[in-house]
Amino acid sequence: MAKNMGVAVAAALSELNVEKAVNALLKWRDSQSQSQKPQLLEQDEFLYLIVSLKKIPQKARVNPIKVPLPHPIIDDPAELCLFIDDRSKSGITKDAASKKIKLENIPINKVIKLSKLKTDYKPFEAKRKLCDSYDMFFADKRIIPLLPRLLGKQFFKKKKIPVPVDLKHNNWKEQIHNACSSAMLFLGSGTCCVVKVAKLSLEKKEIVENVIAAINGIAERVPSKWGNIRSFHLKLLDSLALPVFQAMPDLRLKILADADHHTSSKEEKQEVEEEEDDTSHQKTKKKKKNKGRIHDVQYMDDQEHINDSNSEVDRKHEINANISTKKKKTALKKLCPIDIKVKDKKKKKSLAA
(Lines give C-alpha, C1' and ligand atoms only; values in the text may rest on other atoms or scores of the structure.)
Protein backbone atom coordinates (compact mmCIF):
# COMPACT_ATOMS: atom_id res chain seq x y z
CA MET A 1 0.00 0.00 0.00
CA ALA A 2 2.80 2.41 0.95
CA LYS A 3 4.73 1.57 -2.23
CA ASN A 4 1.67 2.23 -4.41
CA MET A 5 1.11 5.56 -2.66
CA GLY A 6 4.77 6.52 -3.21
CA VAL A 7 4.54 5.67 -6.93
CA ALA A 8 1.33 7.70 -7.28
CA VAL A 9 2.86 10.70 -5.53
CA ALA A 10 6.07 10.50 -7.58
CA ALA A 11 3.92 10.48 -10.73
CA ALA A 12 2.05 13.57 -9.47
CA LEU A 13 5.40 15.36 -9.11
CA SER A 14 5.97 16.43 -12.71
CA GLU A 15 9.14 17.89 -14.17
CA LEU A 16 7.08 20.56 -15.93
CA ASN A 17 6.07 22.15 -12.63
CA VAL A 18 9.70 22.20 -11.50
CA GLU A 19 10.87 23.71 -14.81
CA LYS A 20 8.17 26.41 -14.66
CA ALA A 21 9.14 27.33 -11.09
CA VAL A 22 12.87 27.44 -11.95
CA ASN A 23 12.25 29.61 -15.04
CA ALA A 24 10.08 32.02 -13.06
CA LEU A 25 12.69 32.37 -10.30
CA LEU A 26 15.51 32.95 -12.81
CA LYS A 27 13.46 35.64 -14.60
CA TRP A 28 12.78 37.34 -11.27
CA ARG A 29 16.51 37.21 -10.45
CA ASP A 30 17.41 38.83 -13.78
CA SER A 31 14.87 41.62 -13.28
CA GLN A 32 16.18 42.28 -9.77
CA SER A 33 19.82 42.36 -10.93
CA GLN A 34 18.99 45.01 -13.55
CA SER A 35 17.29 47.29 -11.02
CA GLN A 36 19.90 46.85 -8.24
CA LYS A 37 23.37 48.39 -8.13
CA PRO A 38 26.26 46.17 -9.32
CA GLN A 39 28.32 44.59 -6.52
CA LEU A 40 32.12 44.45 -6.36
CA LEU A 41 32.23 40.74 -5.45
CA GLU A 42 30.03 38.33 -7.36
CA GLN A 43 28.08 36.12 -5.00
CA ASP A 44 26.95 32.72 -6.21
CA GLU A 45 23.27 32.49 -5.28
CA PHE A 46 21.58 29.26 -4.31
CA LEU A 47 18.17 27.73 -4.91
CA TYR A 48 16.35 26.58 -1.76
CA LEU A 49 13.75 23.86 -1.31
CA ILE A 50 11.19 24.33 1.49
CA VAL A 51 9.92 21.04 2.90
CA SER A 52 6.61 21.06 4.82
CA LEU A 53 5.70 17.99 6.87
CA LYS A 54 2.32 16.87 8.20
CA LYS A 55 3.62 15.80 11.61
CA ILE A 56 6.44 17.09 13.80
CA PRO A 57 9.35 14.61 14.07
CA GLN A 58 9.42 12.87 17.43
CA LYS A 59 13.18 13.42 17.85
CA ALA A 60 15.02 16.50 16.59
CA ARG A 61 18.27 15.57 14.82
CA VAL A 62 21.49 17.49 15.40
CA ASN A 63 23.26 15.69 12.55
CA PRO A 64 21.96 16.47 9.04
CA ILE A 65 20.48 13.92 6.64
CA LYS A 66 22.66 13.69 3.52
CA VAL A 67 20.65 13.68 0.28
CA PRO A 68 22.85 12.86 -2.76
CA LEU A 69 22.66 15.23 -5.75
CA PRO A 70 23.73 14.57 -9.37
CA HIS A 71 25.47 17.97 -9.63
CA PRO A 72 27.42 19.14 -6.54
CA ILE A 73 26.61 22.49 -4.98
CA ILE A 74 30.16 23.19 -3.77
CA ASP A 75 32.90 23.68 -6.36
CA ASP A 76 36.05 21.54 -6.40
CA PRO A 77 38.40 24.35 -5.29
CA ALA A 78 36.14 25.11 -2.31
CA GLU A 79 37.46 26.28 1.04
CA LEU A 80 36.87 23.51 3.61
CA CYS A 81 37.65 23.48 7.34
CA LEU A 82 37.95 20.53 9.74
CA PHE A 83 37.52 20.59 13.55
CA ILE A 84 39.37 17.79 15.33
CA ASP A 85 39.21 16.48 18.89
CA ASP A 86 42.62 17.05 20.53
CA ARG A 87 41.67 15.71 23.95
CA SER A 88 43.84 13.01 25.51
CA LYS A 89 41.33 10.18 24.89
CA SER A 90 40.81 10.97 21.19
CA GLY A 91 44.23 9.76 20.04
CA ILE A 92 44.39 12.28 17.13
CA THR A 93 46.77 15.24 16.90
CA LYS A 94 46.82 18.16 14.51
CA ASP A 95 50.13 17.08 12.96
CA ALA A 96 48.88 13.56 12.27
CA ALA A 97 45.66 14.88 10.73
CA SER A 98 47.47 17.39 8.48
CA LYS A 99 49.93 14.68 7.33
CA LYS A 100 47.08 12.35 6.34
CA ILE A 101 45.32 15.18 4.48
CA LYS A 102 48.47 15.90 2.43
CA LEU A 103 49.20 12.23 1.67
CA GLU A 104 45.63 11.40 0.49
CA ASN A 105 45.05 14.78 -1.25
CA ILE A 106 41.94 15.45 0.86
CA PRO A 107 40.48 18.91 -0.05
CA ILE A 108 40.77 20.35 3.49
CA ASN A 109 42.30 23.82 3.72
CA LYS A 110 42.46 24.28 7.49
CA VAL A 111 42.52 22.06 10.59
CA ILE A 112 41.42 23.65 13.89
CA LYS A 113 41.78 21.96 17.26
CA LEU A 114 38.98 21.94 19.81
CA SER A 115 41.16 23.67 22.42
CA LYS A 116 42.01 26.47 19.95
CA LEU A 117 38.32 26.86 19.07
CA LYS A 118 37.56 27.39 22.77
CA THR A 119 40.26 30.03 23.31
CA ASP A 120 40.88 31.93 20.04
CA TYR A 121 37.29 32.08 18.74
CA LYS A 122 35.43 33.31 21.82
CA PRO A 123 34.55 36.84 20.53
CA PHE A 124 31.57 37.24 18.21
CA GLU A 125 33.66 38.94 15.51
CA ALA A 126 36.12 36.03 15.39
CA LYS A 127 33.23 33.55 15.02
CA ARG A 128 31.69 35.61 12.21
CA LYS A 129 34.99 35.81 10.31
CA LEU A 130 35.49 32.08 10.69
CA CYS A 131 32.00 31.41 9.34
CA ASP A 132 32.54 33.65 6.30
CA SER A 133 36.05 32.34 5.53
CA TYR A 134 35.04 28.79 4.50
CA ASP A 135 32.35 27.26 2.30
CA MET A 136 31.80 24.14 4.40
CA PHE A 137 32.82 22.81 7.81
CA PHE A 138 33.51 19.27 8.98
CA ALA A 139 34.03 17.99 12.52
CA ASP A 140 34.89 14.83 14.38
CA LYS A 141 31.55 13.27 15.31
CA ARG A 142 32.68 12.93 18.95
CA ILE A 143 32.69 16.74 19.43
CA ILE A 144 29.47 17.52 17.52
CA PRO A 145 27.39 18.02 20.75
CA LEU A 146 29.93 20.64 21.99
CA LEU A 147 29.98 22.78 18.84
CA PRO A 148 26.63 24.68 19.02
CA ARG A 149 27.75 26.43 22.21
CA LEU A 150 31.26 27.15 20.87
CA LEU A 151 30.35 28.30 17.35
CA GLY A 152 27.34 30.51 18.11
CA LYS A 153 24.21 31.37 16.14
CA GLN A 154 26.00 32.74 13.05
CA PHE A 155 26.77 29.23 11.78
CA PHE A 156 23.13 28.16 12.25
CA LYS A 157 21.79 31.26 10.47
CA LYS A 158 23.92 30.66 7.38
CA LYS A 159 23.30 26.88 7.43
CA LYS A 160 27.02 26.15 7.88
CA ILE A 161 26.65 23.66 10.69
CA PRO A 162 29.65 21.28 10.68
CA VAL A 163 29.02 17.91 9.04
CA PRO A 164 30.06 14.97 11.26
CA VAL A 165 32.96 12.80 10.04
CA ASP A 166 34.09 9.55 11.63
CA LEU A 167 37.86 10.08 11.92
CA LYS A 168 38.39 6.59 13.40
CA HIS A 169 37.90 5.15 9.89
CA ASN A 170 40.48 5.67 7.18
CA ASN A 171 38.03 6.76 4.42
CA TRP A 172 38.21 10.50 5.19
CA LYS A 173 38.30 11.49 1.53
CA GLU A 174 35.23 9.43 0.64
CA GLN A 175 33.19 10.85 3.53
CA ILE A 176 34.10 14.44 2.64
CA HIS A 177 33.42 13.91 -1.07
CA ASN A 178 29.95 12.43 -0.33
CA ALA A 179 29.11 15.37 1.95
CA CYS A 180 30.21 17.93 -0.67
CA SER A 181 28.07 16.33 -3.39
CA SER A 182 24.86 16.10 -1.33
CA ALA A 183 22.20 18.39 0.14
CA MET A 184 21.95 18.70 3.94
CA LEU A 185 18.50 18.26 5.50
CA PHE A 186 18.29 19.41 9.13
CA LEU A 187 15.14 18.03 10.79
CA GLY A 188 14.39 20.28 13.74
CA SER A 189 11.50 20.50 16.19
CA GLY A 190 9.00 21.87 13.63
CA THR A 191 7.19 20.87 10.46
CA CYS A 192 9.14 23.14 8.09
CA CYS A 193 12.79 22.97 6.99
CA VAL A 194 14.90 24.55 4.23
CA VAL A 195 17.44 22.70 2.07
CA LYS A 196 20.07 24.21 -0.24
CA VAL A 197 19.48 22.36 -3.52
CA ALA A 198 21.38 23.99 -6.43
CA LYS A 199 23.56 26.89 -7.51
CA LEU A 200 22.19 29.40 -9.99
CA SER A 201 25.46 29.22 -11.93
CA LEU A 202 24.43 25.73 -13.09
CA GLU A 203 22.42 25.21 -16.28
CA LYS A 204 18.63 25.03 -16.11
CA LYS A 205 18.56 21.32 -16.87
CA GLU A 206 21.09 20.60 -14.10
CA ILE A 207 19.10 22.70 -11.61
CA VAL A 208 15.90 20.77 -12.45
CA GLU A 209 17.70 17.44 -12.05
CA ASN A 210 19.05 18.51 -8.66
CA VAL A 211 15.61 19.61 -7.47
CA ILE A 212 13.91 16.35 -8.51
CA ALA A 213 16.70 14.25 -6.97
CA ALA A 214 16.47 16.25 -3.73
CA ILE A 215 12.67 15.87 -3.53
CA ASN A 216 12.79 12.11 -4.09
CA GLY A 217 15.71 11.66 -1.66
CA ILE A 218 14.07 13.72 1.09
CA ALA A 219 10.76 11.84 0.68
CA GLU A 220 12.59 8.54 1.18
CA ARG A 221 14.54 9.70 4.27
CA VAL A 222 11.78 11.54 6.14
CA PRO A 223 9.84 9.53 8.79
CA SER A 224 6.84 7.71 7.19
CA LYS A 225 8.16 8.89 3.79
CA TRP A 226 5.62 10.39 1.30
CA GLY A 227 2.78 9.95 3.78
CA ASN A 228 4.29 12.64 6.02
CA ILE A 229 5.01 15.23 3.28
CA ARG A 230 2.55 18.09 2.88
CA SER A 231 4.25 20.27 0.25
CA PHE A 232 7.46 21.31 -1.54
CA HIS A 233 8.25 24.92 -2.49
CA LEU A 234 11.16 26.49 -4.39
CA LYS A 235 12.58 29.92 -3.63
CA LEU A 236 15.61 32.16 -3.81
CA LEU A 237 17.01 34.01 -0.84
CA ASP A 238 14.72 37.08 -1.17
CA SER A 239 11.99 35.80 -3.51
CA LEU A 240 8.55 34.35 -2.96
CA ALA A 241 8.16 30.58 -2.53
CA LEU A 242 6.65 28.88 -5.59
CA PRO A 243 4.75 25.59 -5.06
CA VAL A 244 6.11 22.48 -6.78
CA PHE A 245 4.14 19.73 -5.02
CA GLN A 246 1.06 19.79 -2.77
CA ALA A 247 -0.36 16.70 -1.08
CA MET A 248 -4.08 16.03 -1.28
CA PRO A 249 -6.04 16.55 1.96
CA ASP A 250 -6.61 13.39 3.96
CA LEU A 251 -10.28 12.38 3.61
CA ARG A 252 -10.12 10.02 6.57
CA LEU A 253 -9.85 13.00 8.90
CA LYS A 254 -13.17 14.36 7.61
CA ILE A 255 -14.88 10.99 8.07
CA LEU A 256 -13.54 10.69 11.59
CA ALA A 257 -14.64 14.23 12.33
CA ASP A 258 -18.17 13.46 11.13
CA ALA A 259 -18.25 10.28 13.21
CA ASP A 260 -17.12 12.20 16.27
CA HIS A 261 -19.81 14.79 15.59
CA HIS A 262 -22.51 12.09 15.39
CA THR A 263 -21.35 10.44 18.59
CA SER A 264 -21.21 13.77 20.41
CA SER A 265 -24.74 14.67 19.21
CA LYS A 266 -26.03 11.28 20.43
CA GLU A 267 -24.41 11.83 23.81
CA GLU A 268 -25.91 15.32 24.05
CA LYS A 269 -29.38 13.89 23.26
CA GLN A 270 -28.97 11.24 25.94
CA GLU A 271 -27.93 13.88 28.48
CA VAL A 272 -30.97 16.04 27.62
CA GLU A 273 -33.31 13.05 27.94
CA GLU A 274 -31.79 12.14 31.33
CA GLU A 275 -32.23 15.73 32.57
CA GLU A 276 -35.88 15.72 31.44
CA ASP A 277 -36.47 12.40 33.24
CA ASP A 278 -34.92 13.82 36.44
CA THR A 279 -37.09 16.95 36.33
CA SER A 280 -40.28 14.92 35.72
CA HIS A 281 -39.35 12.58 38.59
CA GLN A 282 -38.83 15.54 40.94
CA LYS A 283 -42.21 17.01 39.95
CA THR A 284 -44.01 13.72 40.70
CA LYS A 285 -42.30 13.58 44.12
CA LYS A 286 -43.50 17.09 44.97
CA LYS A 287 -47.06 16.20 43.95
CA LYS A 288 -47.00 13.14 46.20
CA LYS A 289 -45.78 15.20 49.15
CA ASN A 290 -48.42 17.90 48.66
CA LYS A 291 -51.28 15.36 48.62
CA GLY A 292 -53.51 15.38 51.76
CA ARG A 293 -52.55 18.93 52.84
CA ILE A 294 -54.89 21.92 53.01
CA HIS A 295 -53.31 24.94 51.34
CA ASP A 296 -53.87 28.36 52.87
CA VAL A 297 -55.42 30.90 50.56
CA GLN A 298 -53.88 34.35 50.94
CA TYR A 299 -55.89 37.44 50.08
CA MET A 300 -54.74 41.02 49.71
CA ASP A 301 -55.79 41.90 53.29
CA ASP A 302 -53.75 38.96 54.59
CA GLN A 303 -50.71 40.19 52.68
CA GLU A 304 -51.05 43.66 54.27
CA HIS A 305 -51.40 42.03 57.68
CA ILE A 306 -48.22 39.99 57.08
CA ASN A 307 -46.33 43.12 56.06
CA ASP A 308 -47.47 44.95 59.21
CA SER A 309 -46.40 42.05 61.39
CA ASN A 310 -42.97 41.97 59.68
CA SER A 311 -42.49 45.70 60.29
CA GLU A 312 -43.41 45.28 63.99
CA VAL A 313 -40.88 42.47 64.33
CA ASP A 314 -38.17 44.68 62.78
CA ARG A 315 -38.99 47.50 65.26
CA LYS A 316 -38.71 45.10 68.20
CA HIS A 317 -35.30 43.96 67.00
CA GLU A 318 -34.11 47.58 66.74
CA ILE A 319 -35.34 48.38 70.27
CA ASN A 320 -33.59 45.30 71.67
CA ALA A 321 -30.36 46.28 69.91
CA ASN A 322 -30.53 49.82 71.34
CA ILE A 323 -31.14 48.47 74.86
CA SER A 324 -28.17 46.11 74.61
CA THR A 325 -25.87 48.94 73.49
CA LYS A 326 -27.02 51.14 76.42
CA LYS A 327 -26.39 48.29 78.88
CA LYS A 328 -22.91 47.83 77.55
CA LYS A 329 -22.13 51.53 77.93
CA THR A 330 -23.35 51.61 81.55
CA ALA A 331 -21.33 48.50 82.35
CA LEU A 332 -18.21 50.13 80.96
CA LYS A 333 -18.86 53.30 83.00
CA LYS A 334 -19.12 51.22 86.18
CA LEU A 335 -15.94 49.33 85.40
CA CYS A 336 -13.88 52.49 84.84
CA PRO A 337 -13.93 53.80 88.49
CA ILE A 338 -13.25 50.27 89.78
CA ASP A 339 -10.13 50.08 87.63
CA ILE A 340 -9.01 53.52 88.89
CA LYS A 341 -9.42 52.41 92.52
CA VAL A 342 -7.39 49.24 91.89
CA LYS A 343 -4.61 51.28 90.31
CA ASP A 344 -4.58 53.72 93.29
CA LYS A 345 -4.28 50.86 95.76
CA LYS A 346 -1.35 49.41 93.82
CA LYS A 347 0.41 52.82 93.84
CA LYS A 348 -0.07 53.20 97.60
CA LYS A 349 1.37 49.75 98.23
CA SER A 350 4.39 50.53 96.11
CA LEU A 351 4.98 53.81 97.95
CA ALA A 352 4.64 52.13 101.33
CA ALA A 353 7.20 49.52 100.28
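The values are calculated or read from the model by the stated rules, or taken from the named source; none is laboratory data. Keep in mind that this is a model prediction, so the values were computed, not measured. Virtual Cβ from ideal backbone geometry, glycine too; neighbours counted across all protein chains shown. With ligands, DNA and RNA removed, areas are computed over all heavy atoms of the protein, side chains included. Shrake-Rupley method; radii C 1.70, N 1.55, O 1.52, S 1.80 Å.
Considering each residue of the range 109-128 in turn, none proves to be of a type in the set (A, V, I, L, M) and in contact (Cβ under 8 Å) with a residue 40 or more places away in the chain. Filtered by the rule that a residue be open to solvent by less than 60 Å² (accessible area, probe 1.4 Å) and either part of a helix (DSSP H, G or I) or under 20 Å from Gln154 (Cβ atoms) (or both), the range 95-122 gives Ala96, Ala97, Ser98, Lys100, Ile101, Ile112, Leu114, Ser115, Leu117, Tyr121.
Of the residues screened, Ile101 is not one that is β-branched (Val, Ile, Thr) and in contact with a Ser or Thr (Cβ under 9 Å, 6 or more places away or on another chain). Of Lys122, Lys110, Lys129, all but one fail to be farther than 26 Å from Ser182 by Cα and basic (Lys, Arg); the exception is Lys122.
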